[in-house]
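Okay, so here's the structure we're looking at.
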Amino acid sequence: MIAKFFVLFAMCWAATWAAQELKVEKVYVPEVCDVKSKKGDQLTMHYTGTLDNGNKFDSSLDRDTPFTFQLGVGQVIRGWDEGLLDMCVTEKRKLTIPPQLGYGERGAGNVIPGGATLHFEVELINISDSPPNANVFKEIDSDSDNQLSREEVSEYLRKQMVEAEQTGAGESEEMKKMLADHDKLVEEIFQHEDKDKNGFISHDEFSGPKHDEL
């Protein structure tokens, strides 16, 4: 569920910035590493994210629940998709992610300001084969008219918030602030996804996980 929720955040993160480099520091690498992470793998990780001033904006450790997602398919920010490749189980890294590979000029809710450089301490817990890609477009498109309205996107986000609360994923103060900024998130999604500005997001415009059978 959380992975699908972050897909919607990822739609808002594209922005134009002066080129800055992703920095990857390997803090710990195990002596034996039979399998390394690659695009398409399902990764389970612990992480802590901070800003330049040291303020923590999120941590899986605070929830005592690792985060699972598919690498390289846009379920997370580009800085993760690029910075977590070729990683061993139990390996630890520090990522310094520039704005254009993170949340861009808009930021994320009231937690991450626009233009923020992000710092992550991450540990890879597990690598597994990825399940089939979810068809998030179809899940949002409740009336099956092959386009997404603001009401459908808003309702989908509300359902994800309820599930997050029920599973305990929304208990951290940082996540609560991010989820509370509901209306702003919907508008940012439409600003980025509704390319022809007709008030709907078509199947072709939608950049999240979808199937091509339409």
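The values are calculated or read from the model by the stated rules, or taken from the named source; none is laboratory data. Source: prediction; values computed, not measured. When we count neighbours, we look across all protein chains shown, and the Cβ atoms used for this are built from the backbone with ideal geometry, even at glycine. Accessible surface is based on the protein model in full, side chains and every heavy atom, while ligands, DNA and RNA are left aside. Shrake-Rupley method; radii C 1.70, N 1.55, O 1.52, S 1.80 Å.
Numbers below:
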quantity: Flag for Leu124 being open to solvent by less than 10 Å² (accessible area, probe 1.4 Å), modelled with pLDDT of 90 or more and under 15 Å from Asn53 (Cβ atoms); calculated: no
quantity: Conditions (1) in a loop (DSSP other than H, G, I, E, B); (2) closer than 23 Å to Val29 by Cα; number of the one not met by Asn126; calculated: (1)
quantity: Some residue of region 93-115 being assigned to a loop (DSSP other than H, G, I, E, B), of a type in the set (Val, Ile, Thr) and either at pLDDT 90 or above or in contact with a strand residue (DSSP E or B) (Cβ under 9 Å, 6 or more places away or on another chain) (or both); calculated: yes
quantity: Failed condition for Thr16, given (1) modelled with pLDDT under 80; (2) β-branched (Val, Ile, Thr); (3) open to solvent by less than 60 Å² (accessible area, probe 1.4 Å); (4) over 15 Å from the mean Cα position of the chain (by Cα); calculated: (3)
quantity: Scan of region 19-61 for residues that are of a type in the set (A, V, I, L, M, F, W, C) and modelled with pLDDT of 90 or more, ordered by number; calculated: Leu22, Val24, Val27, Val29, Val32, Cys33, Val35, Leu43, Met45, Leu51, Phe57, Leu61
quantity: Scan of region 127-148 for residues that are open to solvent by less than 20 Å² (accessible area, probe 1.4 Å) and either at pLDDT 85 or above or aromatic (Phe, Trp, Tyr) (or both), ordered by number; calculated: Phe137, Ile140, Asp141, Leu148
quantity: Within region 190-214, tally of residues that are at negative phi and modelled with pLDDT of 70 or more; calculated: 17
quantity: Every residue from region 161-189 that is farther than 19 Å from Asn110 by Cα and modelled with pLDDT of 65 or more; calculated: Val162, Glu163
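Yes/no matrix, rows are residues, columns are (1) touching a residue at least 40 places away in the same chain (Cβ under 8 Å); (2) open to solvent by 60 Å² or more (accessible area, probe 1.4 Å); (3) in a loop (DSSP other than H, G, I, E, B):
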position: Met45; (1), (2), (3): yes, no, no
position: Thr48; (1), (2), (3): yes, no, no
position: Gly54; (1), (2), (3): no, no, yes
position: Thr65; (1), (2), (3): yes, yes, yes
position: Thr68; (1), (2), (3): yes, no, no
position: Trp80; (1), (2), (3): yes, no, no
